[in-house]
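Contents: one structure, followed by commentary.
The values are calculated or read from the model by the stated rules, or taken from the named source; none is laboratory data. These numbers come from a predicted model, not from an experiment. Note that each Cβ is placed from the backbone with ideal geometry, even for glycine, and that neighbours are counted across all protein chains shown. Note: accessible area is taken over every heavy atom of the protein model, side chains too, but ligands, DNA and RNA are not part of it. Shrake-Rupley method; radii C 1.70, N 1.55, O 1.52, S 1.80 Å.
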Amino acid sequence: MLWAVFTLIAAAAQTARNAMQRELTATLGTVGATHVRFLFGFPFALIFLPGVMLAAGYGWPHIPAMFWPWVIAGALTQIAATATMLMVMGQRSFVVAYAFIKTEPVSVALFGLIFLGDKITPLSGAAILIATAGVIVISLKPGSGKASTLHSTLIGLLSGALFALSAIGYRGAILALQLPHFVMAATFTLAVGLVIQAALLSAYLALRDPAVLRAIARAWKPSLFAGFMGAFASEFWFLGFAITSAANVRTLALVEVLFAQGVTHFIFKQPTTSRERAGIVLVVIGVALLVWAY
C-alpha cells in the first residue's frame with residue numbers, strides 16, 4: 001500500500017501548487033503560469049536525482065530506446081494538460097475546475113489497458129466510476145445554458161484526458177527503464193521529463209513572447225514555490241506509477257477534490273453548494289472502495 005501513501009502526499013502538494021499557479025495566471029497569462037511549474041521545477045528534480053543516487057548507491061541507468069517516445073509523450077501531453085487546466089480555473093471556481101479535470105481516472109483506466117496492458121478488477125472499476133460520478137456531480141451547474149459554461153466544460157474534460165495520457169506516458173517510461181529500484185526509475189524519469197518541458201517552453205516563449213519570460217523572472221519568488229511544489233508532487237506521483245497502475249494512482253488522487261474544496265472555502269472564499277457536498281461524498285466512497293479493493 002506504499003503507493004497510496006505516495007499518492008496522498010502528491011495530491012496535497014499538487015493542490016498547493018495549482019492554487020499558486022491559479023494566482024500567477026492573472027499576471028503571467030496561461031502559458032507563463034504553465035511554464036512556471038516546469039522552469040522552476042526542473043532544478044529541484046536535478047537535485048532529487050543525484051540525491052537518490054548518492055543515498056541509495058545507484059549508478060547511472062542504461063536508457064533503452066523505448067524510454068524516449070514514452071517520456072516525450074508524457075512531457076508534451078502534460079504541458080497541454082496544464083495549460084487547459086489553468087484556462088478552466090480562470091473561468092470557473094477552483095473546485096469546479098478540479099471536478100472537470102478529475103474525470104481523468106476513466107480515461108487513465110482505458111488508456112492503461114490499451115497501451116500498457118494494465119488490468120482493472122471489477123471492484124476497482126466500480127470505485128473509478130463512483131468517484132468519477134462524484135466529480136461530475138460537483139461540476140454540475142443547473143440552470144446555466146451559457147456557451148461559456150459549455151466551453152469551460154469541454155476544455156476541462158479535454159484537460160482530464162490529456163492528464164490521463166501524460167500519466168500513461170510517464171508510467172510507460174518508468175517501466176521501459178526496467179530498473180530493479182523503483183525509486184531510481186521514477187526519479188530519473190521525472191528529471192528527464194522536466195528538462196524536456198522546461199527547454200521546449202523556454203524556447204517557445206523566447207521566440208514568440210519574450211516579455212512573458214521577463215515577467216516570470218520578476219515573479220520568481222512565488223514561482224519558485226510553485227516550481228518546488230510541482231517537482232515535489234511529481235516525484236511522488238511517479239513513485240506511485242512505478243508501483244501500481246496509473247488508474248489506481250489517479251483514482252485515489254481524487255482526494256484532491258477534497259483538498260481543493262478546502263482551498264476554495266478557506267482561501268478563495270467561494271461558497272460550497274449542497275450538490276458539491278453530495279459529489280464529495282461519492283468521491284470519498286469511491287476512493288475508500290478503491291483502497292479496500294487493493
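Which of Val257, Val106, Val52 ends up with the largest GNM mean-square fluctuation for the chain, with Cα atoms connected below 10 Å?
Highest fluctuation of the listed residues: Val52.
Quick one: putting +1 on the C-beta of Lys and Arg, -1 on the C-beta of Asp and Glu, what dipole do you get for the chain around its Cα centre, in Debye to the nearest 20?
Numbers: 17 positive and 7 negative charges, 129 e Å.
Charge dipole, the chain, about its Cα centre: 620 debye, nearest 20.
In sequence order, what are the phi-derived ³J(HN,Hα) couplings for segment 182-198 according to the Karplus relation 6.51 cos²θ - 1.76 cosθ + 1.60 with θ = phi - 60°, rounded to whole Hz, with x for glycine and proline?
For segment 182-198, the Karplus curve yields 5, 5, 5, 4, 5, 5, 5, 4, 4, 4, 5, x, 5, 5, 4, 5, 4 Hz.
Say we join alpha carbon atoms closer than 10 Å with springs in a Gaussian network model of the chain; which of Gly193, Gly59, Gly32 then has the biggest fluctuation?
Judging by the Gaussian network model, the answer is Gly59.
Tell me, what is the FRET efficiency for Arg275 and Ala203 to the nearest 0.05, using R0 = 30 angstrom and their Cβ-Cβ distance as r? Before the final figure, lay out the partial values.
Working: r = 44 Å, r/R0 = 1.46.
Rounded to the nearest 0.05, the efficiency is 0.10.
Under the Karplus relation 6.51 cos²θ - 1.76 cosθ + 1.60, θ = phi - 60°, what is the ordered set of whole-Hz ³J(HN,Hα) values for segment 165-174, x standing for Gly and Pro?
Ordered by residue, 3J(HN,Hα) equals 4, 5, 4, 5, x, 5, 5, x, 5, 4 Hz.
Pop a pseudo-label 7 angstrom from the Cα along the beta-carbon direction at both Ala56 and Leu2 and give the gap in nm to one decimal.
Placing both labels 7 Å along Cα→Cβ, they lie 0.8 nm apart.
Just the accessible area per residue of the chain, please: how many Å² with a 1.4 Å probe?
Numbers: 12240 Å² over 294 residues.
Result: 42 Å² per residue.
Could you identify which residue out of Thr103, Thr84, Thr121 has the top mean-square fluctuation in a GNM of the chain using Cα springs shorter than 10 Å?
Thr121
Could you work out the local net charge near Ala131, counting Lys and Arg as +1, Asp and Glu as -1, over the other residues with Cβ closer than 13 Å to its Cβ?
On the way: positive: Lys102, Arg250; negative: Glu104, Glu256.
Computed value for this residue: 0.
Would you mind getting me the FRET efficiency between Leu258 and His151? Use the beta-carbon distance for r and R0 = 30 Å, nearest 0.05.
Numbers: r = 27 Å, r/R0 = 0.89.
According to the calculation, E is roughly 0.65.
Of all the accessible heavy-atom surface of the chain, with the other protein chains kept in place and a 1.4 Å probe, what percent is carbon and sulfur? Let's see the in-between values first.
Numbers: 8960 of 12240 Å².
Answer for the chain: carbon and sulfur cover 73 percent of the accessible area.
Note down the accessible area of Leu154, probe 1.4 Å, to the nearest 10 Å².
Result for Leu154: roughly 100 Å² accessible.
Can you compute 3J(HN,Hα) from phi for each residue in segment 27-38, using the Karplus curve 6.51 cos²θ - 1.76 cosθ + 1.60 with θ = phi - 60°, rounded to whole Hz and x for Gly and Pro?
Couplings: 9, 9, x, 5, 5, x, 5, 5, 5, 4, 5, 8 Hz.
For the chain, restrict the atom set to alpha-carbon positions and state the Rg and Dmax in Å.
18.3, 60
Return the long-range amide H neighbours of Tyr58 (sequence gap of 5 or more, or a different chain), with a cut-off of under 5 Å between placed amide H atoms.
HN-HN under 5 Å from Tyr58: empty list.
Would you mind calculating the gained length between Thr121 and His181 on full extension (0.36 nm times residue separation, minus the Cα-Cα distance), in nm to one decimal?
Working: separation 60, 0.36 × 60 = 21.60 nm, distance 2.63 nm.
Fully extending the segment from Thr121 to His181 adds 19.0 nm.
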